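Engineer: If you scroll down you'll find the structure; I have some questions about it.
The numbers here are math on the coordinates, done by the rules we state, and not lab data. Just so it is clear, the model here is predicted, and its values are computed rather than measured. Positions of Cβ are generated from backbone atoms using ideal geometry, with glycine treated the same way; all protein chains shown enter the neighbour counts.
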Amino acid sequence: MATLGSEQNPWDAIVIGGGHNGLTSAAYLARAGRKVLVLERRHLVGGASVTEEIYPGFKYTVCSYVVSLLRPWIIRDLELSKHGLRMVPLECSYTPQLDGPGLCRWADPDLTRQEIRRLSPRDADTYPEFGKLMGKLARFAKPFIDEIAPDPTSFKPSDFLQLKRAADRFRSLGDDLTALQFKLTTMGGVDFLREFFESDQLIAPMSCSGIIGTMLGVNSPGTAYVLLHHYMGEIDGSSRAWAFPVGGTGAVSEAIASSARSFGAEIRTEAAVSQMRIKNGRATGVVLEGGEEIAARSVVSGCDPRLTFLGLVGREHLPGDFATSIERYKNRGSSGKVNIALDRFPEFAHRPGIGPHVTGDVAIAPSTDYLETAFDEAKYGTFSRRPFINVVFPSLLDRGMAPPGKHVMSCFVQYAPYDLASGAETWPEHREAFGDAVVDTLAEYMPTLKEDILHRQVLSPWDIQEQMGITEGNIFHGELGLEQLLFQRPVAGWARFKTPIDGLWLGSSGAHPGGGIMGAPGALAAKEMLKAGAV
Amino acid sequence: MPRTTPFHERTAALMQSYAWKEWAGYAAPCNYDAHSEREYFAIRRSAGLIDVTPLYKYEVTGPDAARFLARLWTRDITKLKPGRVAYGCMCDGDGMVLDDGTVACLAPERYRMTSSEAWLGWFEQHRRGFDVQIEDSTDRIAALALQGPLSREVLRNVVDADLDSLRFFGLAACHLAGAEGWITRTGYTGDLGYELWVPNADAITLYDAILEAGAEHGVQPIGLDALDVTRIEAGFVLQGIDYVSSRSCLIDARRSTPEDSGLGWTVNLEREGWIGREALLRERENGPKWNLVGLELDWAEIEDLHAEYELPPHLAPCACREAVPVYLASGKQVGQATSSTWSPTLKRSLALAQVHRRHTSIGTKLQVEHTVEFERRRVTATVVDRPFFDPPRKTSTPNFPPKTPA
Amino acid sequence: MDAIVIGGGHNGLVAAATLARQGHRVGVFEQRGQFGGVADGLLHDTQSFSPEVVSDLNLCPHGLKLQDPAPVFVPSREGHGLLLHRDPDLAAEELGPDAEPYRNWRAFLDRVLPFARAQLDRTAPDVRGNASLWPLMKTGMAFRRLGKKDIHELLRVGPACVDDYLSEWFTSPLLKTALAAPALHGTFMGSRSPTSTATLLLHEAQVSKEVVGGALALVGSLVKACRAGGVELQAGAEVRRIRVEGGRAVGVELADGSSVDAGTVLSCIGPRRTLLDLVAPEQLPVGTAGHIRKVRVRGTLARLTLKLSGPIEYACRPGFAPERSLVGEHPLDLERAFDHVKHRRMPTDPPLDIRQSGGEASVLVRCAPFQLEGGWTDARRSELTESVLASLERYAPEVRSIATVTETLTPADLAQRYGLEGGHEMHGELALDQLGPMRPGLELSRHLTSIEGLFCGSAGIHPGGGISGRPGRLAARAAQQG
């Protein structure tokens, strides 16, 4: 018998990229008895979901830092608990202010109401009501992220039935919720929240969820719907929808990888794919850097659509319209990451101590004007001098992330536009200035921060592109705008994971339902391949 | 963390049992002693003093204040005269109850409302078009209830209002232990009783004055446990227990109309312009589904049940707030009993229950789940009139109607 | 009287004339001394006026003349500016390399816009839960007839921002600016705001011919049409209350205390003012009131009127005095202007929409925030005047020597003079959630209210728009059907 991967004995499937989605695809395919090979360019799996000891003794959640929508059915199907996945829910979302105690939104809704009451009694009354409405809408929206997106222009019975089901669900909401659902999908986060709340100190941190990973501002239409994500896990207005995996987000990747291996998948690291093998319009395997060719009956790409189609496949193999659409696909990296090793915990000026308020996430989002100003700068091609920052202290959630008494701090920063006015390739010259802006901003809230820093890692979107291979460093593999969601992700008519190249499937965040450590694109792609008998 | 009321200094000093619970964000005593029996009997035999500051309080003022409140409440507040208090409920646009509470007319164009939940957001939503100001005075005004047959006697030496003329659901502005405030003849015990309203700064003085004046009458500080027993005896519903505010219901089926929650009597569907009316007119056409009834559990059956396990039945005056199913004799579930208690005064076991409309006529025999030694059993319960306990002293007023000289 | 029309703006006049033609006795009550609303001395473009109204009311015999919209000139600081015709043949010479894409783009619009236009001239679809699905499906089928490719394209570009969208087609910033600017009229958006492509398409769908003599000529002929139909036109008559009895509108009460009875009341002022101020709150279902209260009306419009001793000419093209011009040479200029609005700041170097004729120019500024930080005062008004002149001076250096500012209207002035809540000329921002069936709510978008006999027909109702007359026409038709 010829070795696996030779022309005579091809793999059933090759997965390009060992990110969490690629690993999920592999696990599902292997679980169905297929012979699967995962090829990862770096020395470790995980993609943007990795934990690395960049500074001795300190483990950084290098890119992604929390888990929100990892699908429960994937956790069950792949037995991730058995493979070591442990999650610690984030108990609080703290928004400090320079001149006051700021706001903590706790997992406990009553506590949250008390906090909000200080800002606005009216808003405190409305908060639970808002949570209830969002809970209802979340129940409506949830099926969309767990199944294939129906194409409203299609005449296929399956699309029609799915659309009809969605339409029936929509109408069953009642007129008020129908209108609200429509508003939620089209409005800006701030405008939507202002329909309910008056306190800017409350609206600002709530609106942030809509801009994460996008090149949009909190006022930009279309940013409201992400609010729903917070209510998909819980329905009582708590912020428990977020969790930190013990061992960092790399532990999620490792659990999925371990599951995939247990089902028989093979994972090769330091195996960079340089191009797709295409014969007669059909994907027949891959070519590695260095020339090694590996044959497979089908290929799943866990890379972003632009890299997959324009980089690995090549324009010449694609239908013209499709290639144009991929060229028009908006990647637009807008965020950077700063990871910091700390000698001691840098306390907040207005809520000192290492209390429960810092065991969740901390959002530097003092006002909606602040957030919009940060966006304005990015629009014109510079990083925000006073950015939105989402801070998590992994060492408070998992003591193993840093040596005793020391801490690590993960800062997700927006905006850092990939396209600097001076050109994306000039990021290396601006990288440290960007890091300084982040530290300066944080030091306003944490006065001792600068003295406490032992080491700092700054990642611009350019760095994310260079290191993780994500085009323009967009953490979601492409803007989560309305025009790039559902049946239009990544291209209208090609949102069912199948691609114009026979045998090539897309199972990354650039496919429906999109980004975040969800696992859904990878899992749905694998299921679709199996259903189609393609593997 | 719960906050403390202006009376906390005193209530904390009296607290023996360390039994605090949270009430609307405040720390409130459940019972001061190890159990609440003494407190219960103080309310029914002498008078009990209860810190009711955590009630939400709103001052509604301005030329359109009455119209505005009449829009929000089921009662026609435009007809409420100065010196009177009305009990009623507020509904949402679907006619589902949001909350129940009182509206007091302090003076023309000046009202104070109380509720169990916070409603400032709701008021703001409906304010446009009305010339009113709304202030949340919850944190500014301290409130005490003195309830029981001797409450009038005790207060004679504390307040300068004409208590003999103050009618049931009446209100008087007066001095209370020297401080300016209000007294209302209202309460949640179904007994003779008053509620006293003063600025926070005067809270302690008033508290001391009442306990001092009441010492010879046996006045006791009372916690929420004893209050709960008396309110069930009085047949009063409690938001969050006997019905759930439609704002807090995660599913629509949980919501209640005024009829469903025993508040139908506060509703006048002929009156126009109040929120929820249109929906409730439709309900009237179709007939309400539920009603809230009083149930009396068959004591002999309870005793027999316990006897099977060689146990005596539980007799302490302590209310149970865990809903249990209500069945027909056939075994079909037709509702749930939401609050229940043993009434030490009436010597009966009582419950409030939400029951399918068809089974609510007085005298109907139903079955209520009753757990003994972790086994679920049933006892017979009869639909009876509410209130269970309704002494004449609750409503009678010595000088009303005014005595004409012979 | 059979019907009372509240507000004698262009929509009110259209509604009144439409009802009068059906033989109804109609009275129009206008708070100001003149008729025409925002068509009287505020907005200057008439190219969105509905051809359906022109033919329904038979306006041409009443002296209305139509012509193709005048081309728009976009001056630039370098080069010769751009004179943009709608007709791709006429535009070709100026457009250079963009000429071909422009032709293709117009061809795309010609394919897809008839569908949109048809929606603008009929009542918004009823998408409420208890509504019949049939009309909705018919609309859906009509949409599908556009073909998969165009539908995919519309769904892809609609949610996108107008700058990105136009950049897919064109290279010239002047062209992109000229096309993008009107997409932002009546919105609270900049050229980088998602969904501004949808409002671009909406704008393009509305444009047809413009009225010779401008907005005032249009108002004149609408007034004539009303008079010819026997409409009683009352200026200086402010309606204070809509009288409702037993859930039915029975007339209005005027500010002077008098009452007028009518079986039908048609309000052509903003829906928020109609339902929240003129109707007693007790008469309104709480759900409707809730929706209406949330309608966003953040005005951004201001206007300067200039008296000219000579025509405004631009340095980049001496000797040429365009009737219409647009100051702003890059789509990002529109975005920067919106930044000022967003942050409630006085605009600097604002883009301007200018129309000059007969020794007068009207200059519209669309980035003056109603909610200016600190509020609008006389001093701030002067600051705005100065800012506008400075902006214009960059392209027309001589402007101060030929122009005298006779009037500056800030958004606050507009609110006051025209009775516009929030100073918004369309009584509600154009935004995806405030368009179609959602303008301004699922019931009201069909021109009906929960009060029997009360109808709404201003720009705050479907299909919105500037001087279009469409909402007035549709409201009158809804009123006829009862």
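Engineer: In peptide A:373-379, what is the residue-averaged number of other protein chain Cβ atoms found within 10 Å of each Cβ?
Structural biologist: On the way: counts 3, 0, 3, 8, 0, 0, 6.
Average per residue, whole number: 3.
Engineer: Within region B:260-292, which trypsin sites (Lys or Arg not before Pro) sit in a loop by DSSP and count at most 12 neighbouring Cβ atoms inside 10 Å?
Structural biologist: Details: sites: B:Arg271, B:Arg277, B:Arg282, B:Arg284, B:Lys289; in loops: B:Arg271, B:Lys289.
Loop-located and lightly packed - none at all.
Engineer: Using the structure shown, select from A:Lys164/C:Lys342; A:Lys136/C:Lys294; A:Lys59/A:Lys379; A:Lys330/A:Lys527 the pairs with a Cα to Cα distance greater than 31 angstrom. All intermediate terms of the calculation are to be shown ahead of the outcome.
Structural biologist: On the way: A:Lys164/C:Lys342 40 Å; A:Lys136/C:Lys294 20 Å; A:Lys59/A:Lys379 33 Å; A:Lys330/A:Lys527 27 Å.
A:Lys164/C:Lys342; A:Lys59/A:Lys379, as the Cα separations exceed 31 Å there.
Engineer: While we're looking at this one, here's another question. So for region B:57-136, Kirkwood radius off the Cα pairs, Stokes-Einstein at 37 °C and 0.692 mPa s: how many µm² s⁻¹? Mind showing how you got there, number by number?
Structural biologist: Details: Rh = 12.3 Å.
Estimated via Stokes-Einstein, D reaches 268 µm²/s.
Engineer: Report the per residue volume, in Å³, of the convex hull enclosing the C-alpha atoms of the protein assembly as shown.
Structural biologist: On the way: hull volume 311.5 nm³, N = 1423.
Taking only Cα atoms, the protein assembly as shown has a hull volume of 219 Å³ per residue.
Engineer: Moving to a separate point now. What is region A:91-241's relative contact order, in percent, from Cα pairs under 8 angstrom and six or more apart in sequence? Can you show the working numbers first?
Structural biologist: Working: 193 pairs, mean separation 46.1, N = 151.
This gives 30 percent for region A:91-241.
Engineer: A follow-up question, please. Determine the shielding of peptide A:479-485 by partner chains: average, over its residues, the number of Cβ atoms on other chains within 10 angstrom of each Cβ.
Structural biologist: Values: counts 2, 0, 7, 8, 12, 3, 1.
What the average comes to for A:479-485 is 5.
Engineer: What net charge is computed for the residues neighbouring B:Gly62, neighbours being all others with C-beta under 9 Å from the C-beta of B:Gly62, Lys and Arg scored +1, Asp and Glu -1?
Structural biologist: Working: positive: B:Arg110; negative: B:Asp64, B:Glu109, B:Asp131.
Value of the local net charge: -2.
Engineer: Counting Lys and Arg as +1 and Asp and Glu as -1, what is the net charge of the other residues whose Cβ lies under 14 Å from the Cβ of B:Pro325? Before the final figure, lay out each step's value.
Structural biologist: Working: positive: B:Lys332, B:Arg376, B:Arg377, B:Arg378; negative: B:Glu322, B:Glu369.
So the environment of B:Pro325 carries a net charge of +2.
Engineer: Sticking with this one: With angles folded into 0 to 90 degrees, how steeply does helix C:331-342 sit against the dominant principal axis of chain C? Use alpha carbons for both and round to 10.
Structural biologist: Value to nearest ten degrees: 50.
Engineer: OK, next. Restricting everything to alpha-carbon atoms, can you work out Rg to Rh for chain B with a Kirkwood hydrodynamic radius? Present the calculation step by step, with values, prior to reporting the outcome.
Structural biologist: Details: Rg = 21.4 Å, Rh = 22.2 Å.
The Rg/Rh ratio comes out at 0.97.
Engineer: Can you say what percent of the DSSP beta bridges in the protein assembly as shown, counting only those with both residues inside, are antiparallel? Round to 5. Working shown, then result.
Structural biologist: Numbers: 170 of 211 bridges.
Once the DSSP bridges in the protein assembly as shown are tallied, antiparallel ones form about 80 percent.
Engineer: Something else now. Counting each pair of different Cα atoms once, what's the Kirkwood radius of chain A in Å, rounded to one decimal?
Structural biologist: The answer is 23.5 Å.
Engineer: Compute the normalised compactness of region A:332-471: alpha-carbon radius of gyration over 2.2 N^0.38 Å, N being the residue count. Write down the numbers at each step before the final one.
Structural biologist: On the way: Rg = 15.1 Å, N = 140, 2.2 N^0.38 = 14.4 Å.
My calculation over the Cα atoms of region A:332-471 gives 1.05.
Engineer: Hey, another quick one. Which value, in debye to the nearest 20, gives the size of the charge dipole of region C:331-455 about its Cα centre, when Lys and Arg are +1 and Asp and Glu are -1 at the Cβ?
Structural biologist: On the way: 13 positive and 20 negative charges, 11 e Å.
My answer is approximately 60 debye.
Engineer: Right, here's the next one. With the cut-off at 29 Å, tell me which of the pairs B:Lys81/B:Lys394; A:Lys82/B:Lys21; C:Lys149/C:Lys176; A:Lys531/C:Lys138; A:Lys498/C:Lys149 have Cα atoms farther apart than that.
Structural biologist: Values: B:Lys81/B:Lys394 21 Å; A:Lys82/B:Lys21 41 Å; C:Lys149/C:Lys176 24 Å; A:Lys531/C:Lys138 34 Å; A:Lys498/C:Lys149 19 Å.
Violating the 29 Å Cα-Cα cut-off are A:Lys82/B:Lys21; A:Lys531/C:Lys138.
Engineer: Fewest to most neighbouring Cβ within 10 Å: what's the order for C:Glu323, A:Glu451?
Structural biologist: Listed from fewest to most nearby Cβ atoms, that is A:Glu451, C:Glu323.
Engineer: May I pose another question? If contacts are Cα pairs under 8 angstrom and at least 6 residues apart, what is the relative contact order of chain A in percent?
Structural biologist: Numbers: 1239 pairs, mean separation 128.8, N = 535.
This gives 24 percent for chain A.
Engineer: Enter the angle in degrees (range 0 to 90, nearest 10) between the Cα long axis of helix C:214-228 and the first principal axis of the Cα atoms of chain C, meaning the one along which they spread out most.
Structural biologist: Taking Cα atoms only, the helix is inclined about 20 degrees.
Engineer: What is the projected area of the convex hull of the Cα atoms of region A:91-241, averaged over all directions, in nm²? It would help to have the intermediate numbers written out before the result.
Structural biologist: Details: hull surface 38.9 nm².
That works out to 9.7 nm², a quarter of the Cα hull's surface.
Engineer: On to the next question. Limiting things to C-alpha atoms, what are the Rg and the maximum Cα-Cα separation (Dmax) for chain C, in angstroms?
Structural biologist: Cα-based Rg and Dmax for chain C come out at 21.9, 67 Å.
Engineer: Okay, next question. Could you tell me the center-to-center distance, by alpha carbons, between region C:1-62 and region B:87-159 in angstrom?
Structural biologist: 50 Å
Engineer: Per-residue Cβ counts within 10 Å, from other chains only, averaged over C:286-298: what number is that?
Structural biologist: Details: counts 13, 8, 1, 6, 6, 5, 1, 6, 9, 0, 4, 0, 1.
Partner-chain Cβ atoms within 10 Å, mean over residues of C:286-298: 5.
Engineer: Enter the angle in degrees (range 0 to 90, nearest 10) between the Cα long axis of helix A:427-445 and the first principal axis of the Cα atoms of chain A, meaning the one along which they spread out most.
Structural biologist: Orientation of helix A:427-445: about 30 degrees from the principal axis.
Engineer: To continue, here is another question. In a shell of Cβ-Cβ distance under 9 Å around A:Gln484, excluding A:Gln484 itself, what net charge do Lys and Arg (+1) and Asp and Glu (-1) give?
Structural biologist: Details: positive: A:Lys330, A:Arg489, C:Arg156; negative: A:Glu479, A:Glu483.
Around A:Gln484, the charge tally is +1.
Engineer: With an 8 Å cut-off on Cα pairs and a minimum separation of 6 or more residues, tell me the relative contact order of region C:325-482 in percent.
Structural biologist: Details: 213 pairs, mean separation 21.4, N = 158.
This gives 14 percent for region C:325-482.
Engineer: Can I ask one more? Could you check which residue among B:Arg357, B:Arg127, B:Arg45 shows the biggest mean-square fluctuation in a GNM of chain B with a 10 Å Cα cutoff?
Structural biologist: Top of the fluctuation ranking is B:Arg127.
Engineer: Using alpha carbon centroids, what distance separates region C:406-482 and region A:48-125, in Å?
Structural biologist: Answer, in whole Å: 44.
Engineer: Suppose we keep just the DSSP beta bridges with both residues in region B:157-300; what percent of those would be antiparallel, to 5?
Structural biologist: Working: 10 of 11 bridges.
Here the share of antiparallel DSSP bridges comes out near 90 percent.
Engineer: Further, regarding this structure: Taking each pair of distinct Cα atoms in region C:352-482 once, what is the resulting Kirkwood hydrodynamic radius in Å?
Structural biologist: On the way: mean 1/r = 0.0583 Å⁻¹.
Taking every pair of different Cα atoms in region C:352-482, averaging 1/r and inverting gives 17.1 Å.
Engineer: Using modelled amide H (1.01 Å from N, peptide plane; none on Pro or chain starts), what sits under 5 Å from the amide H of B:Ala19, excluding residues fewer than 5 places away?
Structural biologist: Residues meeting the criterion, in which the H sits 1.01 Å from N, are B:Cys30, B:Asn31.
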